[in-house]
Amino acid sequence: MTWIKIVHLLCVMGWMTSIFAVPRALIYWKREHARLGEFGPLGDLTIRLYRFSAGLGVIAILTGLWLGGLLAMPGWVWLKLGLVLALVAHYGWTGLMVLRARRGRFDESDRFLRIFNEISVLGVLAVLWVVVAKPF
């Protein structure tokens with residue numbers, strides 16, 4: 001395995017962890033804010049996690065494009081790229097929720113955040129299926 005594949009794998013794993021963790025952390029942050037009435041440690045943790053993993057996501061996408069280019073971008077890579085862009089949109093939406101929460105606004109319900117979190121799981125499973133099955 002080349003170094004670029006290792007870097008890509010590590011960054012993907014870190015970014016995926018955050019895609020799953022930040023919406024869940026927003027639920028707990030919302031509860032903490034309701035209990036304390038102010039910004040607490042869960043808010044700081046959520047913001048730091050989001051920022052750190054955004055960098056991992058950028059590295060994962062860049063290395064993925066590099067690896068895809070090395071494979072001459074077959075059809076399955078384009079499908080994977082489309083699914084990854086959907087995850088990027090999901091992550092951007094998560095970032096907007098984090099920014100609102102930082103200002104003390106928690107507009108989404110716990111149920112919405114749970115469903116929002118599970119949608120990302122389905123997206124990641126779709127990406128994994130494309131990578132393993134290489135359908136075309």
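The values are calculated or read from the model by the stated rules, or taken from the named source; none is laboratory data. Owing to the predicted nature of the structure, the values given are computational and were not obtained by experimental measurement. So basically every Cβ, Gly included, is an ideal-geometry build from the backbone, and we count neighbours across all protein chains shown. Just the protein is used for accessible areas: all its heavy atoms, side chains included, with ligands, DNA and RNA removed. Shrake-Rupley method; radii C 1.70, N 1.55, O 1.52, S 1.80 Å.
Looking only at residues of region 48-80 that are among the small types (Gly, Ala, Ser) and over 17 Å from the mean Cα position of the chain (by Cα), we find that the one that is nearest to VAL98 (Cα to Cα) is GLY68. Restricting region 33-46 to residues that are touching a Phe, Trp or Tyr at 6+ places or on another chain (Cβ under 9 Å) and in a helix (DSSP H, G or I), the residue that is surrounded by the most Cβ atoms within 10 Å (Cβ to Cβ) is THR46.
Of all residues in region 89-123, those satisfying the criterion of being open to solvent by 20 Å² or more (accessible area, probe 1.4 Å) and β-branched (Val, Ile, Thr) are ILE115, ILE119, VAL121. In region 9-23 there is no residue that is out of contact with any Cys (no Cβ under 8 Å at 6 or more places or on another chain), farther than 30 Å from PHE136 by Cβ and not in a helix (DSSP H, G or I).
In region 62-84, the residues that are under 15 Å from VAL127 (Cα atoms) reach residues that are outside any helix (DSSP H, G or I) and of a type in the set (Lys, Arg) with C-beta atoms within less than 6 angstrom, at least six apart or across chains, in these pairs: TRP76/LYS134.
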